[in-house]
Amino acid sequence: MRKKSIIQTFFATVLFASCGSDDFTIVTGSGNTQSSSGSISGGTMSTMEIGTADITTYDIQLNTAAVSSDIEDANEYSASYKAASEDFVENLLAEDTEGIKKLEITYSGTTASWTYYKKNGTAVIATSATAGNSYSDDDITISLSGAHVTVNAAKKIQYVLGGSTTDGNFKLYSEKKFILDLNGVSMTNKSGAAINIQKGTDGDKRCYMRIVDGTVNTLSDGSTYTTTDGEDEKGVIFSEGKLLISGTGTLNITAQGKHGLVSDDYIYLHAGTNTNISPASGYNGIKANKAIYIAGGAHNIVCSGNAPKGLTCDSLISITGGRTTVINSGVAVYDSSEADYSQPSGLKCDSAIVISGGELYCKSTGNGGKGIRAAKTYTQNGGTVRIITSGSTVGSSGSGNMRQGMNSASSSSDAEPKGLHVGKKSDTSGVITINGGKLIVRCTGGEGAEGIESKNSITINGGMVESYCYDDAVNAAKTLLINGGYVYGYATNNDGIDSNGTITINGGVVFGSGSSTPEDGIDCDQNTFTINGGIVVGIGGSTSTPTSSTSKQASVVTSASLTANSVLALTNGSGECIVAFKIPARYNGTYTMLLSAPGLSTGNTYTFKSGATISGTTFQGVSCDNTTISGGSTAWSYTQSSLVTGGSASGMGGGMPGGGFPF
């Protein structure tokens, strides 16, 4: 959320002090067992940390190494899937009864030669031709012009491309499904796509592209395109139909004029594939209309220029395995026709993104850059996603960035850097759902640089979510629901965890770390804030208060003088640890804390201990399992007289800010 003004904060203070709230109870001095200064210092944690220790420093770099065990995983997956799916080339081979014909093309400099194999009864007839010779029968027509090869096919054919050319291409019109093997081919087309697959008269057909095991294949387009009227030609490899890529060889795509890998239908990257893609400046790495499926393999995409995207699709991006890395140095540019900015992204989809496995790494360094952007939904069921964005906001809220070489605009729009952003400015349809896996985000580009943002709702059912950023670390426009998992939001200059509407926490471990007043550790603008379970820690200049009428688990709100890197523990009457955590290095001085844990209940007395030794399992310094405590001294005690108890650390008496009341 945007920063609260001093006037807003003061007005809120007066409102709470004069009107009171059914959702907040001030504990009087008679309810305390000890009065203390509330200073927290010292202590150690001997724990197993399950969070990301290097969240402020981790980097994302290209990695061309094959993904270990990828093929084994693929074999297990395909054994149950490929029998019913046309996305596997084995299905094509199994259904064919006549034997697929084969055309081998060998490129050499500015010429090409070919050999065509077909059956005559039980015999195989091979027809060969040198450069310049063409061929035609009822099944196929082959035309050559130098090293530019054009094929029209009416049957299922296997094409094999090899050799090297500095000015050639392969263009295909096919009426049937076909196999296209890249067998160590090196090809540059100075006037367009290296591989150009157009529609046959019978409509879209599947291309089973195989990167032959053990080969390296290098393809490039021209800086300018000479196209046929009525035909698209959008990148180094272009297909009007479905493009299904398999094989464990390596495919290198370097674009001079347009995109890298394009389909007007969908693209499927099987396990074991290895691609390295560099689109032309301002263009996209992998682009499809209907869907992009990544089932495995190792994929590296490097983008630059005006508003490029690593992966972009109209309908669906689905990642179930492999390792995909996008490094994007592109910058946001103003589109006068749309009266808005076009922004660079690692992944961009106009509908849904689903991550169910594998590894996805996105790094955007240019101004206005985003890691992942989905217009409607982002769902993560598994896998590991790491995002870094470091560029600044461009536009009305970041006019200072205009001096950094960005296009100026008279519009009130802007382009804010985000880690994961779901939804559009024009509506509130964005939904983020995390069911499992790891989502790790760092977004440090200044005002507007939010880590995880949804224009509607965020639901976290499991997994691990960690966000470190300048602006709000986790932000939902309407609702934030946490049912389980581990959630960490650290904002250097705003709220740690924020909802502009409601917050409900039913379970999990939740730690929100906000900056100084008026920013909050956990904030929902004093809308309904329900805590029914889980371990909840919020530290910041202030906090939103849990709503007692809707909450089932007790919580305490207090302020204390904190010392960086010291340990604070909340214990019950038997000395057992309810919750403990290490004070982040940023905090020195008096801050507001919100604590809630399953061990808290009304009517009992609890003690805050300083300087204790804590052992067990922690998440970002918050104890979450097998916690034991030894030593330490009593900082202060209080009685949980109601479901939501609050006041100052100094005797928990409280009142206005002068007495320690945190609002």
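The values are calculated or read from the model by the stated rules, or taken from the named source; none is laboratory data. None of these values were measured; they are calculated from a predicted model. Backbone-built Cβ (ideal geometry, glycine too); neighbour counts: all protein chains shown. With ligands, DNA and RNA removed, areas are computed over all heavy atoms of the protein, side chains included. Shrake-Rupley method; radii C 1.70, N 1.55, O 1.52, S 1.80 Å.
Structural remarks
- Within region 289-309, considering residues that are assigned to a strand (DSSP E or B) and among the hydrophobic types (A, V, I, L, M, F, W, C), the one farthest from Gly357 (Cα to Cα): Cys303
- Those residues of region 137-156 which are open to solvent by 30 Å² or more (accessible area, probe 1.4 Å) and either without any contact (Cβ under 8 Å) to a residue 60 or more places away in the chain or part of a strand (DSSP E or B) (or both), in sequence order: Asp137, Asp138, Thr141, Ser143, Ser145, Gly146, His148, Thr150, Asn152, Ala154, Lys155
- Checking Gly533, Gly575 one by one, the residue that is touching a strand residue (DSSP E or B) at 6+ places or on another chain (Cβ under 8 Å), of a type outside the set (Asp, Glu) and farther than 17 Å from Val622 by Cβ is Gly575 and no other.
- Residue in region 392-399 that is among the aliphatic types (A, V, I, L, M), modelled with pLDDT of 95 or more, in contact with a strand residue (DSSP E or B) (Cβ under 6 Å, 6 or more places away or on another chain) and open to solvent by less than 20 Å² (accessible area, probe 1.4 Å) present: no
- Restricting attention to region 535-547 and to residues that are buried (at least 22 other Cβ atoms within 10 Å of the Cβ) and small (Gly, Ala, Ser), the residue that is farthest from Ser513 (Cα to Cα) turns out to be Ser544.
- Residue in region 64-78 that is exposed (fewer than 14 other Cβ atoms within 10 Å of the Cβ), at pLDDT 60 or above and more than 28 Å from the chain's Cα centre (by Cα) present: no
- Residues satisfying the stated conditions in region 157-182, i.e. open to solvent by 50 Å² or more (accessible area, probe 1.4 Å) and among the basic types (Lys, Arg): Lys176
- Odd one out for Gly192, checked against (1) at positive phi; (2) open to solvent by 10 Å² or more (accessible area, probe 1.4 Å); (3) not hydrophobic (A, V, I, L, M, F, W, C): (2)
- Taking region 558-593 as the range and being surrounded by fewer than 21 Cβ atoms within 10 Å (Cβ to Cβ), out of contact with any Gly (no Cβ under 8 Å at 6 or more places or on another chain) and of a type outside the set (S, T, N, Q) as the test, the residues that pass are Ala564, Gly573, Gly575, Ala585, Arg586, Gly589.
- For region 578-615, a tally of residues being more than 31 Å from the chain's Cα centre (by Cα) and not in a strand (DSSP E or B) returns 10.
- Search result, residues across region 101-120 that are touching a residue at least 24 places away in the same chain (Cβ under 8 Å) and within 17 Å of Ser174 (Cβ to Cβ): Lys101, Lys102, Leu103, Glu104, Ile105, Trp114, Tyr116
- For region 258-273, a residue qualifies if it is out of contact with any Phe, Trp or Tyr (no Cβ under 6 Å at 6 or more places or on another chain), on the phi < 0 side of the Ramachandran plot and of a type outside the set (Phe, Trp, Tyr), and the qualifying residues are Gly260, Leu261, Ser263, Asp264, Asp265, Ile267, Leu269, His270, Ala271, Thr273.
- Filter result for Val385 (surrounded by fewer than 23 Cβ atoms within 10 Å (Cβ to Cβ), under 12 Å from the mean Cα position of the chain (by Cα) and not in a loop (DSSP other than H, G, I, E, B)): no
- Test: Gly445 is of a type in the set (Gly, Ala, Ser), in contact with a Phe, Trp or Tyr (Cβ under 8 Å, 6 or more places away or on another chain), open to solvent by less than 40 Å² (accessible area, probe 1.4 Å) and not in a strand (DSSP E or B): yes
- Condition met for Leu643 (closer than 24 Å to Ile482 by Cβ, open to solvent by less than 20 Å² (accessible area, probe 1.4 Å) and modelled with pLDDT of 90 or more): no
- Applying the condition of being part of a strand (DSSP E or B) and open to solvent by 20 Å² or more (accessible area, probe 1.4 Å) to region 474-490 and asking which residue is nearest to Gly51 (Cα to Cα) yields Tyr486.
- Just one of the listed residues (Asn500, Asn493, Asn506) is closer than 21 Å to Ala597 by Cα, surrounded by fewer than 24 Cβ atoms within 10 Å (Cβ to Cβ) and touching a residue at least 24 places away in the same chain (Cβ under 8 Å), and it is Asn506.
- Residue under evaluation Val474, criteria (1) without any contact (Cβ under 8 Å) to a residue 40 or more places away in the chain; (2) closer than 20 Å to Ala352 by Cβ, criterion not met: (2)
- The one condition in (1) open to solvent by less than 30 Å² (accessible area, probe 1.4 Å); (2) in a loop (DSSP other than H, G, I, E, B) that Thr618 fails to fulfil: (2)
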